[in-house]
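Down below is the structure, laid out as structure tokens.
The values are calculated or read from the model by the stated rules, or taken from the named source; none is laboratory data. Predicted, not measured: the structure shown is a model, and the values here were computed from it. All Cβ positions, even for glycine, are placed from backbone atoms using ideal geometry, and neighbour counts span all protein chains on display. Heads up: the accessible areas ignore ligands, DNA and RNA and are worked out on the full protein's heavy atoms, side chains in. Shrake-Rupley method; radii C 1.70, N 1.55, O 1.52, S 1.80 Å.
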Amino acid sequence: MANLPLSSFPSARILGVETSCDETAASVVENGRVILSNLVASQAELHAQFGGVFPEVASRQHIRTIYPILEQSLQQAHLGLGDVDAIAVTRGPGLPGSLVVGLNFAKGLALSSGLPMLGINHLEAHIYSAWLYEAESYGGAAIPEPDFPLLALVVSGGHTELVLIKSHLQYQRLGATLDDAAGEAFDKVARLLGLAYPGGPSIQQAAEEGDPRAFVFPRAWLEDTWNFSFSGLKTAVLREVRRIEVHSAVLPVANLAASFQAAVVDVLVGKTIRAAKAFGAKDILIAGGVSANRALRKAIHAQALCPVHIPPIFLCTDNAAMVAAAGYYRYVYGQRDPLDMDVLPNWPLTESWSLRPSWSLRPS
Ligand code: KG4
Ligand code: ZN
């Protein structure tokens, strides 16, 4: 695939739609970077009573919310459907019942408006969240763009992957978690400690009052690989909790949370920096829900030897602006998807190209 020079990227507005998990979102983004609107309806409160996402409840809630969210998103951008060039929608990975709602909704919009539709990989969308900025921030000036080759760490509730990105849309997967995703570990340990769902923000908050050296939890370095493992750490926290409970002492939640968080951050930051060095990356990018974590952000900025790109907090967790941003680059490289495409609940990032051999990989 040709690497387009920046100056030849055409102008386009993309409508993004995201329903892969428990956020219903719609957004309009200009030229892959400028957020014109960004609406997210989180279902977190609805799922908190179950201690995690209840798939059936999630898809029903997406159905209720998607249309008003789209309307508000267009209103906020002061645009109509006729003012956008394409519709980008998350096709996978994610919960099948949730993905189907967004995809079918996008198909309906595409059919009625005649606009082209593009299916987007959710992990790719997280990566492209680092390209976004709000029109009114920085006096309208663009934040610096990530530079290739780029080392990306995608850390969310479902994924923990180290990816080398050689140019736009070209990914080499270096490693991934062998068991729990980092966000999943945050959510499970939060439950163990009696903290609210979603676990990441709860652990972060509790950890702020705690000592990260109070407990020495294991770090799975998995030397000679770029993989991760968090299940041993989760079990170590469980064992410590059980040990304390036997003595019926009060659980030192803040210290447990801080020590757990420190173990996760050490490994994520350590391996990302090593990989960036090993593969000669110019820049580092961290994205996905866990990249909202303050300790992680502080540690990578303090330790990295090259520029680090992490989206602002509101773009770390699921949103549709990131889908529209990834959609823009796919749109200009010529991707157009048929209306009979289906969801791909287990879609690996690196298979995003090979699945559609009919694409013409050239600037439109
Ligand atoms: O990217 P995301 O919104 O959804 C997925 O694609 O999975 O990520 C959600 C995950 C959850 O596991 C949540 O606990 C975690 O991101 N998370 C955090 C923080 N905020 C969200 N983890 C650590 N610290 C945070 N501040
Ligand atoms: Zn996500």
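Look through Gly194, Gly200, Gly157 and report the one residue that is out of contact with any strand residue (DSSP E or B) (no Cβ under 6 Å at 6 or more places or on another chain), part of a loop (DSSP other than H, G, I, E, B) and open to solvent by less than 50 Å² (accessible area, probe 1.4 Å).
Being out of contact with any strand residue (DSSP E or B) (no Cβ under 6 Å at 6 or more places or on another chain), part of a loop (DSSP other than H, G, I, E, B) and open to solvent by less than 50 Å² (accessible area, probe 1.4 Å) holds for just one of Gly194, Gly200, Gly157, which is Gly157.
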Just wondering, is there one or more residues in segment 176-187 that are assigned to a loop (DSSP other than H, G, I, E, B), more than 16 Å from the chain's Cα centre (by Cα), away from ligand 1 (no atom under 14 Å from the Cβ) and closer than 20 Å to Glu223 by Cα? yes
Being of a type in the set (Asp, Glu) and surrounded by 15 or more Cβ atoms within 10 Å (Cβ to Cβ) is the requirement here; does Asp318 meet it? yes
Taking the stated definitions as given, is Leu103 within 24 Å of Glu136 (Cα to Cα), surrounded by 21 or more Cβ atoms within 10 Å (Cβ to Cβ) and within 21 Å of the chain's Cα centre (by Cα)? no
Can you find even one residue in segment 234-253 that is more than 16 Å from ligand 2 (Cβ to nearest atom), of a type in the set (S, T, N, Q) and either more than 25 Å from Phe50 (Cα to Cα) or open to solvent by less than 70 Å² (accessible area, probe 1.4 Å) (or both)? yes
Against the conditions (1) modelled with pLDDT of 90 or more; (2) surrounded by fewer than 19 Cβ atoms within 10 Å (Cβ to Cβ), where does Leu36 fall short? Just the number, please. (2)
Residues being more than 18 Å from Asn31 (Cα to Cα), open to solvent by less than 10 Å² (accessible area, probe 1.4 Å) and either basic (Lys, Arg) or within 16 Å of ligand 2 (Cβ to nearest atom) (or both): count how many of those fall in segment 119-154. 5
Among all residue pairs at least 6 apart or on different chains, which show Cβ distances below 6 Å where the first residue, located in segment 205-231, is surrounded by 15 or more Cβ atoms within 10 Å (Cβ to Cβ) and the second is of a type in the set (D, E, K, R) and assigned to a loop (DSSP other than H, G, I, E, B)? Ser229/Asp179; Phe230/Asp180; Ser231/Asp179; Ser231/Asp180
Evaluate segment 106-127: report whether one residue or more is within 16 Å of ligand 1 (Cβ to nearest atom), farther than 25 Å from Phe230 by Cα and in contact (Cβ under 8 Å) with a residue 60 or more places away in the chain. yes
Of the residues in segment 282-322, those that are touching a strand residue (DSSP E or B) at 6+ places or on another chain (Cβ under 6 Å), more than 19 Å from Thr90 (Cβ to Cβ), within 16 Å of ligand 2 (Cβ to nearest atom) and part of a loop (DSSP other than H, G, I, E, B) come to Ile310
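Identify, from the list Ala325, Ala262, the residue that is modelled with pLDDT of 95 or more, touching a Phe, Trp or Tyr at 6+ places or on another chain (Cβ under 9 Å) and over 22 Å from Trp131 (Cα atoms).
Values: Ala325 fails: over 22 Å from Trp131 (Cα atoms).
That would be Ala262, the only listed residue that is modelled with pLDDT of 95 or more, touching a Phe, Trp or Tyr at 6+ places or on another chain (Cβ under 9 Å) and over 22 Å from Trp131 (Cα atoms).
Kindly check whether there is at least one residue in segment 78-95 that is of a type in the set (Asp, Glu) and either open to solvent by less than 40 Å² (accessible area, probe 1.4 Å) or more than 30 Å from Pro144 (Cβ to Cβ) (or both).
Looking through segment 78-95, none of the residues is of a type in the set (Asp, Glu) and either open to solvent by less than 40 Å² (accessible area, probe 1.4 Å) or more than 30 Å from Pro144 (Cβ to Cβ) (or both).
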Subset tally (residues that are within 16 Å of ligand 2 (Cβ to nearest atom), assigned to a strand (DSSP E or B) and hydrophobic (A, V, I, L, M, F, W, C)) for segment 63-103: 2
When you go through Gly175, Gly183 one by one, which is the residue that is within 16 Å of ligand 2 (Cβ to nearest atom), of a type outside the set (S, T, N, Q) and under 23 Å from Ser20 (Cβ atoms)? Gly183
What's the number of the condition Val163 fails, among (1) more than 21 Å from Val29 (Cα to Cα); (2) touching a Cys at 6+ places or on another chain (Cβ under 8 Å)? (2)
Before we move on, is Val57 open to solvent by less than 50 Å² (accessible area, probe 1.4 Å), modelled with pLDDT under 95 and out of contact with any Phe, Trp or Tyr (no Cβ under 8 Å at 6 or more places or on another chain)? no
Flag for Gly288 being open to solvent by less than 20 Å² (accessible area, probe 1.4 Å), within 13 Å of ligand 1 (Cβ to nearest atom) and over 14 Å from Ala207 (Cβ atoms): yes
For segment 127-148, check the following and say yes or no: at least one residue is under 25 Å from Ser59 (Cα atoms) and more than 17 Å from the chain's Cα centre (by Cα). no
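Collect the residues in segment 281-320 that are charged (D, E, K, R) and within 15 Å of His122 (Cα to Cα), keeping them in residue-number order.
Asp318
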